[in-house]
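One structure is given here, and the rest of the page talks about it.
Bear in mind these aren't lab numbers, they're just calculated from the coordinates by the rules spelled out. Computed from a predicted structure; not experimentally measured. Virtual Cβ from ideal backbone geometry, glycine too; neighbours counted across all protein chains shown.
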Amino acid sequence: MKSNILIVDDSALLRRVECDIINSDNKLQATDTCKDGLEALEKLRTQKYDAVILDINMPRMNGLEVLSHLQKESIKTPVVVVSTLTIEGADEAIKSLELGAFDFVTKPNNIIEAKGNQFKETLLRVVYAAVRITPAHSASRNLTVVEKKAGAIVNKHKAAGSNKIVAIASSTGGPKALQSVIPFLPAELLAPVVLVQHMPAGFTKSMAERLNELSQVQVKEASNGEVLKNGVVYIAPGGTHIAIKKSGASHVISFNDMPPISGLKPCANIMFDSLTSSNYDEVVCVVLTGMGADGTNGILSLGKSKPIYVIAQDEKSSVVYGMPRAIYEAGVVDEVVTLSDVAKAITKNERKRKDKDIRAHTLTGGYMIMQSLGDILESLRR
């Protein structure tokens, strides 16, 4: 049975293009179309669809207003938002995710882009995830590859030192999931955080600004050559690979303009793999919701030369259990946790480090006091 898709856009041309894309797939069908949000809301109140493709800027009722009504009326149909690639459009896309949208895709700039393969492949991939259809090239196909590599891991053990970095990978469902993680990291976090979220260029800045408003730690879109600091979250810009490189006694963000890897740019594998040559004693690797298996091969490579601690989001709380499943089945996960416990899992090792430092300071202080008392007693004996 085909999945029923509702298409909502005030542009007759885009409605036609999106219908053609959906109907070209043998598992999907464009059941209905609407030219504005009010018409769409009426249909969603009375009919059942497997997913909605929703424009934001429309007359009578815009896409954000539709999402707000769906949230208030507990209508659970997955919504894929089509957003323009502008500053305003990026802000609206992030807002749509907060209002419950499943994910978003970038609206094509012209008819050539609209009828191009990139828009078609992106839209189908996200709609597939929204209706929980497994594409032929999904993560399950990649798992056999990473499972064979799992035995090569040699550093699944505790780090000798306490100089750590946290590296996070997320994809579909990630922007919303990150709002349950980053705001719960403490301001005094004793590690920098680097983060790859699969997003188009132009959208990560809005996401970083929104997370920064909600968080105790500083959150920013990463800049090329920027020195990493503890308690700061650096988000890879959309459309740019990032690597971590040594620079004297510090580490810096380094942009990499390689082509997309398996359609991904930024790619989490590049970020994780770059940490193999870092001076960090341990890398805390976090894999959140997302399609595919990005991050797994990079973590496997990292684990051959560096102590790692791997945290994976559980299936129940993942929007798409692809990336977490891939790293779990690779056999290198230390903890599988629900989304609300991810920040706790990240910070508990930092608390142990802080307690260790306090104990060391206390013991040193105690030794100095005992030494002073010994000196006093010795002088009295004289």
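Once the chain from residue 214 to residue 98 is taken as fully extended at 0.36 nm per residue, the excess over their C-alpha distance is 40.5 nm. The phi torsions of the stretch 11-23, fed into the Karplus equation with coefficients 6.51, -1.76 and 1.60 and a -60° offset, translate into couplings of 8, 4, 5, 5, 4, 5, 5, 5, 4, 4, 5, 5, 6 Hz, rounded to whole numbers, with Gly and Pro shown as x. Here the 3J(HN,Hα) profile of the stretch 195-200, calculated from phi with Karplus coefficients 6.51, -1.76 and 1.60 at θ = phi - 60°, is 9, 10, 10, 5, 8, x Hz, Gly and Pro shown as x.
At a 10 angstrom cut-off on C-beta neighbours, averaged per residue, how do the peptides 107-113, 21-27, 300-306 rank from highest to lowest?
300-306, 21-27, 107-113
Averaged over residues, the count of other Cβ atoms within 10 Å places the peptides 311-320, 181-190 in the sequence 311-320, 181-190, highest first. Close amide H pairs (under 5 Å, H built 1.01 Å from N) link residue 218 with 233, residues at least 5 positions away or on another chain.
Taking 0.36 nm per residue of separation and subtracting the current Cα-Cα distance, fully stretching the chain between residue 258 and residue 162 would add 31.3 nm.
Near residue 267, the amide H atoms lying under 5 Å from its own belong to 242; only residues 5 or more places off or on other chains count, and H is placed 1.01 Å from N. Excluding same-chain neighbours fewer than eight residues apart, the aspartates and glutamates reachable from residue 205 by a Cα-Cα span under 18 Å are 88, 91, 92, 98, 103, 213, 221, 226. Please compute the net charge surrounding residue 182, taking Lys and Arg as +1 and Asp and Glu as -1 over other residues with Cβ under 12 Å from its Cβ. Result for the local shell: +2. Modelled spin labels at residue 115 and residue 76, positioned 7 Å past Cα toward Cβ, are 4.0 nm from each other. 3J(HN,Hα) couplings calculated from phi for the stretch 201-210 with the Karplus curve 6.51 cos²θ - 1.76 cosθ + 1.60 (θ = phi - 60°) are, in sequence order, 4, x, 9, 5, 5, 5, 5, 5, 5, 5 Hz; Gly and Pro show x. Once you list every other residue whose beta carbon is under 11 Å from the beta carbon of residue 232, what net charge do they have if Lys and Arg are +1 and Asp and Glu are -1? Surrounding charge for residue 232 is +1. The amide H of residue 62, built 1.01 Å from its N in the peptide plane, has no neighbour under 5 Å, considering only residues 5 or more places off or on other chains.
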